[in-house]
């Protein structure tokens, strides 16, 4: 990092961004292994840098600061990616309330869950993937048990229509 140019107090954020972006993006690509993810990590790091520019521009090496943000963000991204992978493995190996669905059908089901209104999708994931009770979901979402019940019921109706499957089973009553 010794070859990173230092920022002068008079350098604007725009100049810093233009000078540093390609190198920071390269670091993010190496750390994430994914161009789209890397672009997001780099952009988030520069947004954080801009928010703190009054402080960052006074540092001995602002380039190191933005790279630290990228490396920390990439660790968080990798943790989330691992969690998603573990969740998909659990999903693939866990029986659903719809007997006879193969793995591809289960993945289709979860794709449709992601298309639900935000709160419905959250309630479904928390109950059926994380195994939470309605009471626990209500606590996480900051709503009543009855509201969770309504979200689950509406989600189930929508999913049954979209996927062409029966919707007679009740939600878990934990």
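Quick notes on this structure:
- Chain lengthening between residue 11 and residue 135 when straightened (0.36 nm per residue, less Cα-Cα): 39.3 nm
- Note on residue 47 and residue 118: with the Förster distance fixed at 22 Å, the Cβ-Cβ geometry gives a FRET efficiency of about 0.45.
- Between residue 108 and residue 162, the contour length at 0.36 nm per residue exceeds the Cα-Cα span by 18.4 nm.
- Cα→Cβ-extended label distance, 7 Å offset, between residue 54 and residue 71, nm: 2.8 nm
- Globularity ratio of the stretch 13-84, using Cα Rg and 2.2 N^0.38 Å: 1.08
All of the numbers you see were taken from the coordinates with simple rules; none came from a lab. Here the structure is a predicted model, which is why all the values come from computation and not from measurement. Because the Cβ atoms are built from the backbone with ideal geometry, glycine has one as well, and the counts that use them run over all protein chains shown.
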